[in-house]
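Presented below is the structure to which this report refers.
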Amino acid sequence: MRVEEERGRAWGILAEFETPDELLHAARHARAEGYRRMDAYTPFPIHGLSDAMGFRPTRLPLVVLAGAVIGCAAALGTMWYSATIHYPLNVAGKPYASWPMFIPITFELTVLFAAVFAVFGMLGMNGLPMPYHPVFNAPRFAFASRDRFFLCIESRDPLFDLEKTRGFLSRLGSREVVVVEE
């Protein structure tokens, strides 16, 4: 009964490691063991960690491409409408919709929309802004931005069992294992 009560309140289990290699080793073993809902917290990027944790490629380039296409279409559509329908001017006998004059603004709006979509797409896909996260309450989590490396297995993982997961992370050579409460 006690374990079930703790599982209801637990957000996950956080293990602290002293070196990047230990964290990488732990992430590979956790993935091989079948854990999928986990995250790592490090003071700097670690080469190979995303592969060890099984992250799939991001869809952000598709969001940026959509923004670029929308920006390009908006620029061309607006300029074509204003030059041919709304206020047509015959300048030196040139056609109303002379595309070379549309190039600079089209390029600028394509880049602008792509950049805006990139920023907001990245914020949305990362779940930001996030002023609160349960791991912030872990006793030694402040060291994640200094010199320690953390691996957290979330309670939403299908294989999560409080005692088994805690024992598994302890066997991987972690310095400390704590339960992260909601």
Cβ-derived FRET efficiency at R0 25 Å, L60 paired with E33, nearest 0.05: 0.25
FRET efficiency estimate (nearest 0.05) - Cβ-Cβ, D51 to L123, R0 22 angstrom: 0.35
Cα centroid separation - region 111-152 against region 71-92, whole Å: 43 Å
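Ordered by packing density, taken as the mean number of other Cβ atoms within 10 Å over each peptide's residues, highest first, how do 47-55, 97-105, 32-40 rank? Intermediate values should be presented prior to the final figure.
Numbers: 47-55: 13.9, 97-105: 11.9, 32-40: 15.7.
Highest to lowest by the protection proxy: 32-40, 47-55, 97-105.
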Phi to ³J(HN,Hα) by Karplus 6.51 cos²θ - 1.76 cosθ + 1.60 over region 78-86, Hz, x for Gly, Pro: 5, 5, 5, 4, 5, 7, 10, 9, 6
About the Cα centre, charge dipole magnitude for region 1-118 (Lys/Arg +1, Asp/Glu -1 at Cβ), debye: 600 debye
Pair E108, L159: separation of 7 Å Cα→Cβ label points (nm): 5.5 nm
Label selected from [x] 7, 20, 13, 13, 15, 10, 6, 7, 6, 2, 1, 0; [y] 9, 26, 22, 13, 10, 10, 7, 2, 0; [z] 8, 27, 29, 19, 10, 5, 2, 1, the criterion being P(r) over Cα pairs in 10 Å bins from 0, in percent as computed here: [y]
Farthest toward positive dipole pole in the chain [+1 Lys/Arg, -1 Asp/Glu at C-beta], among C72, P95, P57: P95
Two-site label geometry, I70 and M101: point separation in nm, points 7 Å out along Cα→Cβ: 2.9 nm
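Bear in mind that the values in this text are calculations on the coordinates, not laboratory data. Keep in mind that what you see is a predicted model, and the values were worked out from it rather than measured. Quick reminder, even Gly has a Cβ in these numbers, built from the backbone with ideal geometry, and neighbours come from all protein chains shown.
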